[in-house]
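Before I ask anything, here is the structure I am working with.
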Amino acid sequence: MSTSPASDRHIQLNPFGQLRHFLSIDGLDRNLLTEILDTADSFIEVGERSIKKVPLLRGRTVVNLFFEASTRTRSTFELAAKRLSADVLNLDISTSATSKGESLSDTLLNLEAMASDMFVVRHAQSGAPHFIAQSVTPGVAIINAGDGRHAHPTQAMLDMLTIRQHKGRFEGLVVAIVGDILHSRVARSQVRALLTLGAEEVRIVGPNTLLPRDAETLGVKIHNDMRSGLRDADVVIMLRLQRERMEGALLPSEREFYRQYGLTTEKLAYARPDAIVMHPGPINRGVEIESAVADGPQSVILNQVTNGIAVRMAVMSMAMSGQLAERQAAAETQASK
Ligand code: ASP
């Protein structure tokens, strides 16, 4: 399914400009992204309480619909929904009727019949969450938890929260995203979020075979060399080689990739001394990152995971209240007729 920033804006926002689905960073402006970060900030404190709950989604049902494997994303969405006091259903697709041939639309119709309020969707097909958002009953919110190579907007926003916590701003920052950009939905969403929030320079660094063909249109600087790509960077984001999405041989060998692009202490020294190192996980030690760096003082990789809960709480509560505001306005219009 093809999407554009204008159509993404239209489908994601209600008539009052509030979030009602969260499918992509495209089409969302700086104010809205900042509101997500500020809301997430306010939820961080909830995770530090002895009773880690707020009642914002009490009585609501959230269905985690993961058609692709996930560890961090699925579990942090589940924790986020539970901390918002929602009832959560985790649908294991490998044991569900989908594996018996049921279509996506039929699975959804059945789940909607159980009066669900929100679907968190991960799917190997780019555009699947958009398709669902267009066909779902009004009032049900759809959150994209990663679709194909297209987008992973909550990952991008938890990365933005982590950057803001450590750097205090986006203006003036140089961010290098390194590795398999071609297959990375994370990189696409990060680039959009960084540019929207005002980062000075976003670089993508990797061999040409792992850079997207439309790289020049993304508003980033392209580097094939780690020395120039990391020079004076404030933030270094490493990505995994996404072998499950690769068609054909795009790399000479993992060893050669590591030699050229693996983040080692020596290569990290090209960046600013106070640069932070990030990775969306799962990390492959010795393939794209050395253990000394992944576990080292500049790494904020585990902070990213913690921030995932607060960001997912923010997005879920904002989308639900956007849906409710729209429902209420529709009911009032109906009543006044
Ligand atoms: N966890 C991220 C994703 O789902 C990154 C990765 O898998 O490498 O896209």
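Could you list, in sequence order, the residues of the range 259-280 that are surrounded by 19 or more Cβ atoms within 10 Å (Cβ to Cβ) and either within 16 Å of the ligand (Cβ to nearest atom) or acidic (Asp, Glu) (or both)?
Restricting attention to the range 259-280, the residues satisfying the condition of being surrounded by 19 or more Cβ atoms within 10 Å (Cβ to Cβ) are 261-263, 267-268, 271, 275-280.
Of everything in the range 259-280, those that are surrounded by 19 or more Cβ atoms within 10 Å (Cβ to Cβ) and either within 16 Å of the ligand (Cβ to nearest atom) or acidic (Asp, Glu) (or both) turn out to be TYR261, GLY262, LEU263, VAL277, MET278, HIS279, PRO280.
Do we find a residue being within 16 Å of the ligand (Cβ to nearest atom) and at pLDDT 95 or above anywhere in the range 162-174? Write out each step before concluding.
Filtering the range 162-174 for residues within 16 Å of the ligand (Cβ to nearest atom) gives 162.
If we keep only those that are at pLDDT 95 or above too, we end up with 162.
Checking the range 162-174: at least one residue is within 16 Å of the ligand (Cβ to nearest atom) and at pLDDT 95 or above.
Continuing with this model, one more query. Where the second residue is outside any loop (DSSP other than H, G, I, E, B) and more than 16 Å from the ligand (Cβ to nearest atom) and the first is at positive phi and charged (D, E, K, R) and lies in the range 237-258, which pairs have Cβ atoms under 8 Å and are six or more apart or on separate chains?
none
With the requirement that a residue be modelled with pLDDT under 85 and not acidic (Asp, Glu), what does the range 89-106 give you?
ILE93, SER94, THR95, SER96, ALA97, THR98, SER99, LYS100, GLY101, SER103, LEU104, SER105
Within the group ARG149, ARG122, which residue is among the basic types (Lys, Arg), open to solvent by 50 Å² or more (accessible area, probe 1.4 Å) and either outside any helix (DSSP H, G or I) or within 11 Å of the ligand (Cβ to nearest atom) (or both)?
Numbers: ARG122 fails: open to solvent by 50 Å² or more (accessible area, probe 1.4 Å).
Residue meeting the stated conditions: ARG149.
Here's another thing I want to ask about it. Can you tell me which of GLU48, GLU78 is more than 16 Å from the ligand (Cβ to nearest atom) and over 23 Å from ARG245 (Cα atoms)?
GLU48
Can I ask one more? How many residues does the range 175-190 contain that are within 10 Å of the ligand (Cβ to nearest atom) and assigned to a loop (DSSP other than H, G, I, E, B)?
4
Scan (1) farther than 18 Å from ARG312 by Cβ; (2) open to solvent by less than 30 Å² (accessible area, probe 1.4 Å); (3) within 19 Å of the chain's Cα centre (by Cα) for the single condition ASN64 breaks and write down its number.
For ASN64, the failing item is (1).
Only one of (1) touching a Leu at 6+ places or on another chain (Cβ under 8 Å); (2) part of a helix (DSSP H, G or I) fails for VAL287. Which number is that?
Unmet for VAL287, out of (1) touching a Leu at 6+ places or on another chain (Cβ under 8 Å); (2) part of a helix (DSSP H, G or I): (2).
Out of SER50, SER2, SER7, report the one residue that is at pLDDT below 90, open to solvent by 90 Å² or more (accessible area, probe 1.4 Å) and out of contact with any strand residue (DSSP E or B) (no Cβ under 6 Å at 6 or more places or on another chain).
Working: SER50 fails: at pLDDT below 90; SER7 fails: open to solvent by 90 Å² or more (accessible area, probe 1.4 Å).
Result: SER2 is the single residue among SER50, SER2, SER7 that is at pLDDT below 90, open to solvent by 90 Å² or more (accessible area, probe 1.4 Å) and out of contact with any strand residue (DSSP E or B) (no Cβ under 6 Å at 6 or more places or on another chain).
Let me ask something additional. Whether any residue in the range 13-24 is in a helix (DSSP H, G or I), under 17 Å from the mean Cα position of the chain (by Cα) and either closer than 19 Å to LEU158 by Cα or free of Cβ contacts under 8 Å to residues at least 40 places away in the same chain (or both) is what I want to check. Steps first, answer last, please.
Pass one, the range 13-24, residues in a helix (DSSP H, G or I): none.
No, there is no match, as no residue in the range 13-24 is in a helix (DSSP H, G or I), under 17 Å from the mean Cα position of the chain (by Cα) and either closer than 19 Å to LEU158 by Cα or free of Cβ contacts under 8 Å to residues at least 40 places away in the same chain (or both).
Separate question: Any idea how many residues of the range 226-258 are out of contact with any Phe, Trp or Tyr (no Cβ under 8 Å at 6 or more places or on another chain), within 16 Å of the ligand (Cβ to nearest atom), hydrophobic (A, V, I, L, M, F, W, C) and part of a loop (DSSP other than H, G, I, E, B)?
3
The values are calculated or read from the model by the stated rules, or taken from the named source; none is laboratory data. Quick caveat: nothing in here was measured; it's all calculated off a predicted structure. Cβ coordinates were reconstructed from backbone atoms using ideal geometry, including for glycine residues, and neighbour counts include every protein chain displayed. Quick note on the areas: whole protein, heavy atoms, side chains included, nothing else; ligands and nucleic acids left out. Shrake-Rupley method; radii C 1.70, N 1.55, O 1.52, S 1.80 Å.
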